[in-house]
1. Being open to solvent by less than 10 Å² (accessible area, probe 1.4 Å) and more than 20 Å from the chain's Cα centre (by Cα) is the filter here; which residues of the range 199-221 pass it?
2. Does any residue in the range 223-241 that is more than 15 Å from residue 180 (Cβ to Cβ) and part of a loop (DSSP other than H, G, I, E, B) come within less than 8 Å, Cβ to Cβ, of a residue that is of a type in the set (D, E, K, R) and open to solvent by 10 Å² or more (accessible area, probe 1.4 Å) six or more places away or on a different chain, and which pairs are these?
3. From the list 123, 151, exactly one residue is under 17 Å from residue 83 (Cα atoms) and either touching a helix residue (DSSP H, G or I) at 6+ places or on another chain (Cβ under 6 Å) or in a strand (DSSP E or B) (or both). Which is it?
4. Please specify each residue of the range 183-198 satisfying the condition of being in a strand (DSSP E or B) and surrounded by 16 or more Cβ atoms within 10 Å (Cβ to Cβ).
5. Could you list all residues from the range 199-221 that are assigned to a loop (DSSP other than H, G, I, E, B), out of contact with any Asp or Glu (no Cβ under 8 Å at 6 or more places or on another chain) and either of a type outside the set (A, V, I, L, M) or without any contact (Cβ under 8 Å) to a residue 40 or more places away in the chain (or both)?
6. Quick one: in the range 163-179, which of the residues that are assigned to a strand (DSSP E or B) and among the aliphatic types (A, V, I, L, M) is farthest from the chain's Cα centre (by Cα)?
7. If a residue must be touching a residue at least 60 places away in the same chain (Cβ under 8 Å), part of a loop (DSSP other than H, G, I, E, B) and under 14 Å from residue 356 (Cβ atoms), how many such residues does the range 57-98 contain?
8. Looking at 175, 118, 136, which one is of a type in the set (Gly, Ala, Ser), touching a residue at least 40 places away in the same chain (Cβ under 8 Å) and surrounded by fewer than 22 Cβ atoms within 10 Å (Cβ to Cβ)?
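The values are calculated or read from the model by the stated rules, or taken from the named source; none is laboratory data. None of the values given here were measured: they were computed from a predicted structure. We place every Cβ from the backbone using ideal geometry, glycine too, and count neighbours over all the protein chains shown. Calculation scope for accessible area: heavy atoms of the full protein, side chains included, ligands and nucleic acids excluded. Shrake-Rupley method; radii C 1.70, N 1.55, O 1.52, S 1.80 Å.
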Amino acid sequence: MRWWYAKVPRGRGRTRGWLPGLVLVMLGCSVMGAPAVGARPTLGGTSGTVWVTNQTLNTVAAYDAVTGDLLRTVKVGAKPIGVVAPPGTGAVYVSNESDDTISVIDKATGEVLTIPVGDGPHHMVHSSSGRFVYFGEFNANTVGAINTRDHSYRQFVASASPTAKTHAVWIGQGGHTLYAVNSDADTFTALDATTGTRRWFDVPVGDQPSEVLVTPNARTAYISIRGEDKIGIFSLAGAKPRKVGEVAVGDQPDTLQLTPDRRTLVVATRGSFTLPGGPAARVDLVDTRSLQVTPVFIQGATTTGHQWLSPDGRYTYVAIESAPGLPLPPGVAVIDNRDAEVVATWAYPGGGRPHGVYLEPGRRCRPRG
């Protein structure tokens with residue numbers, strides 16, 4: 001399939017329109033309208049609860065990962081961005097960017113504890129054991145860390161620049177190394193996750209790095225370079241990361257997920273696209289061996305938020321935004337990664353701007369009482 005585009009000047013609010021004249025060949029391109037509004041077919045081979053933040057409604061919604069049924073909503077802090085549910089904690093952690101707090105939701109009771117943290121908590125991850133939660137502090141140059149046992153909080157410096165805007169973090173599989181990207185400093189840092197000792201510090205990686213993902217064997221890092229519409233591929237075998245490749249993707253690449261077989265890198269892009277049928281959001285499926293890109297367009301959405309994979313890697317759950325007058329409401333789109341198509345959409349109660357996404361595997365979470 002062949003599509004044509006013209007690119008307007010770079011900027012966070014840029015869009016792309018599809019026009020005759022300039023050629024862009026998309027291998028395996030999937031351009032489709034989303035399923036019927038609110039389509040909620042049963043999804044096979046997955047289970048659990050999908051947690052979604054909404055940065056304008058200041059809420060978190062929980063959905064059944066199989067059916068899309070809304071289980072509940074919980075009020076949290078101002079402009080919630082990231083969300084994780086660390087195993088063994090019985091809690092959901094939410095980063096509230098505008099009031100510099102982390103909300104801790106007790107899954108059984110729905111009660112919310114508030115922890116003050118640094119300036120602008122943003123993307124979140126947790127250690128595999130669930131013992132620690134980490135997050136970039138986007139209005140500073142720091143990474144925040146919370147011990148989930150006692151809710152103590154500490155900071156690690158991720159850049160020499162006070163205005164680095166530490167956007168996202170990643171914790172190595174063994175829990176020993178903490179990786180961070182600084183979107184205004186354009187750098188990549190690795191720290192000891194316990195002491196904060198630098199493994200490498202402020203290594204340049206490109207214009208506006210947005211998120212980092214490190215493979216389980218700690219040999220390769222994928223970094224979304226938002227200002228260049230690329231994914232940078234870095235070897236971590238030496239004393240410092242070394243760029244070994246890159247792949248061009250959609251407008252403003254952001255969050256990253258890697259399927260368990262390590263063959264597909266899922267990239268949610270923040271740009272807005274105009275197709276013949278109207279506005280669309282875009283998620284790219286990158287073959288990690290050939291680096292071929294299969295775009296999946298979500299017709300009727302204006303942009304994506306964060307995303308998460310089902311445990312087997314078949315489905316991507318991605319937050320989507322919309323606009324008044326469009327048939328697809330804000331909420332969640334579910335992509336079948338095998339077929340590169342949208343198979344379900346779930347509306348967010350009250351609309352707003354859904355953003356953070358986390359799939360908690362296992363039985364769906366229901367409150368007591």
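1. The answer is 200, and nothing else.
2. Cβ pairs passing all conditions: 237/219.
3. Checking each option against the conditions leaves just 123.
4. 187, 188, 189, 190, 191
5. Matches in the range 199-221: 215, 216, 217, 219.
6. The extreme case among them is 178.
7. Summing the residues that are touching a residue at least 60 places away in the same chain (Cβ under 8 Å), part of a loop (DSSP other than H, G, I, E, B) and under 14 Å from residue 356 (Cβ atoms) in the range 57-98 gives 2.
8. 175
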